[in-house]
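Reviewing the structure listed below.
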Amino acid sequence: RARLNPHAGPAYFSPDMEQHTHSRLEMLRQLRRDFYDGRLAVWFQPQVSLADDGVIGLEALARWPDSHGFTHPPQVFIPLAEESGLIVDLGAWILDQSCAAYSRLAARGHAPRRIAVNVSMPQMRRPDFPERVARSLAAHGVPASALELEITESLLLDEPQVVLCNLHALKQAGIQITIDDFGTGYSSLGYLRQLPIDCIKIDRSFIAEIDCGRGDMFAETIISLARKLGAETVAEGVETTAQVSCLRDLGCDTAQGFLYARPMPADELASWMEQRALH
Ligand code: C2E
Ligand code: MG
Ligand code: MG
Ligand code: MG
């Protein structure tokens, strides 16, 4: 590796990086085209109450089909959409699709208590975000109390003023605010005091530890912190019954993971709910 020399050219630029930049640009071009051509989808993953095993929520997850019938990983295309600004339109569409799916389920008597939608910084940074959310809810007749917005801790680093202002407006409107992937971000605990938080999602990495000998120390600590803040807890990535019984003992409210269901298309939700009700 070249040493950094102030007199040399851009020492870190390699053909590899050029290739990488090119393929990201190409990918973004494709993403934008597929999005505006209506080829993206929103899938939903159920959330189950640990108290009574009932389905109490759904999380909306973006899907971008590739040529083999799988999805491009959201961890790749969501950051791309964020960097390019496409996430503003994409996120608005995801929110709208989520409200539409929720209202169709409600019409069939299958709507759980809430629907959770992930929100990115470029969306939350816009002063008109709370208004846009209100319009989506109204367009589909979804009550504000049924909507939960998931944000990540890193979202707070950038422009805390606008973000805090929007979060308070959303909360005022009756929308629930959840911190996603809790424990993996960079925010200080001090932020939690200023935030109108209703729910904390315990990151999958801490849930996985329950089964691998390192125990439940982090899950326990996060659950007790949430309780002191008056916030609910959702465990992400629950895959085993051992995790469920441990989380139940710790007083975690809700679980989401492959043990219960993988994310599924909106039109499979109602029959999944019906099947589940039979057991
Ligand atoms: P996230 O919000 O933490 O979503 C949970 C992720 O965990 C989803 O991955 C879900 O499929 C996966 N998951 C759920 N249960 C299990 C399990 O039991 N085991 C394992 N191994 N994984 C499980 P997905 O759909 O690939 O999404 C990854 C991330 O991409 C999301 O993490 C979120 O940060 C982002 N993302 C996805 N959809 C959207 C969106 O509509 N908007 C925004 N802003 N971000 C999104
Ligand atoms: Mg999430
Ligand atoms: Mg998460
Ligand atoms: Mg996570």
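Tell me the helices (runs of 4 or more DSSP H) entirely within the stretch 13-114 that contain at least 3 residues that are open to solvent by 50 Å² or more (accessible area, probe 1.4 Å) and farther than 24 Å from Met264 by Cβ.
Qualifying helices (runs of 4 or more DSSP H): 15-36.
If you go through the stretch 239-246 one residue at a time, do you hit one that is within 15 Å of ligand 3 (Cβ to nearest atom), surrounded by fewer than 19 Cβ atoms within 10 Å (Cβ to Cβ) and within 26 Å of Pro112 (Cβ to Cβ)?
Taking every residue of the stretch 239-246 in turn, at least one turns out to be within 15 Å of ligand 3 (Cβ to nearest atom), surrounded by fewer than 19 Cβ atoms within 10 Å (Cβ to Cβ) and within 26 Å of Pro112 (Cβ to Cβ).
Restricting the search to the stretch 260-279, which residues are over 30 Å from Asp96 (Cβ atoms) and part of a loop (DSSP other than H, G, I, E, B)?
Across the stretch 260-279, the qualifying residue is only His279.
Of all residues in the stretch 115-137, which are of a type in the set (D, E, K, R) and either more than 19 Å from the chain's Cα centre (by Cα) or in a loop (DSSP other than H, G, I, E, B) (or both)?
Matches in the stretch 115-137: Arg125, Arg126, Asp128, Glu131, Arg135.
Just to be sure I understand, how many residues within the stretch 255-275 are within 18 Å of the chain's Cα centre (by Cα) and within 13 Å of Ala111 (Cα to Cα)?
Total meeting the criteria: 1.
For His168, only one of the following conditions fails: (1) within 16 Å of ligand 4 (Cβ to nearest atom); (2) open to solvent by 10 Å² or more (accessible area, probe 1.4 Å). What is its number?
(1)
Checking Glu239 against (1) away from ligand 4 (no atom under 16 Å from the Cβ); (2) under 30 Å from Leu105 (Cα atoms); (3) out of contact with any Lys or Arg (no Cβ under 6 Å at 6 or more places or on another chain), only one condition comes out false. Which one?
Among (1) away from ligand 4 (no atom under 16 Å from the Cβ); (2) under 30 Å from Leu105 (Cα atoms); (3) out of contact with any Lys or Arg (no Cβ under 6 Å at 6 or more places or on another chain), the lone unmet condition for Glu239 is (1).
Quick test for you: out of Asp253, Asp267, Asp249, pick the one residue that is open to solvent by 30 Å² or more (accessible area, probe 1.4 Å), closer than 14 Å to Asp53 by Cα and more than 16 Å from ligand 4 (Cβ to nearest atom).
Just one listed residue meets the conditions, Asp253.
Before we move on, is Leu259 under 23 Å from Arg114 (Cα atoms) and open to solvent by 30 Å² or more (accessible area, probe 1.4 Å)?
Yes.
On the basis of being part of a helix (DSSP H, G or I) and in contact with a Leu (Cβ under 6 Å, 6 or more places away or on another chain), does Arg248 make the cut?
yes
Looking at (1) within 16 Å of ligand 4 (Cβ to nearest atom); (2) surrounded by fewer than 18 Cβ atoms within 10 Å (Cβ to Cβ), which is the only condition Gly215 fails?
Status for Gly215: all satisfied but (1).
Within the bounds of the stretch 171-193, is there any residue that is within 16 Å of ligand 2 (Cβ to nearest atom) and touching a Pro at 6+ places or on another chain (Cβ under 7 Å)?
Yes, the stretch 171-193 contains at least one residue that is within 16 Å of ligand 2 (Cβ to nearest atom) and touching a Pro at 6+ places or on another chain (Cβ under 7 Å).
The values are calculated or read from the model by the stated rules, or taken from the named source; none is laboratory data. Values in this document were obtained by computation on a predicted structure and should not be read as measured data. Every residue, glycine as well, gets a Cβ built from its backbone with ideal geometry; the counts of neighbours run over all protein chains shown. Surface areas here come from the heavy atoms of the whole protein model, side chains and all, with no ligands, DNA or RNA. Shrake-Rupley method; radii C 1.70, N 1.55, O 1.52, S 1.80 Å.
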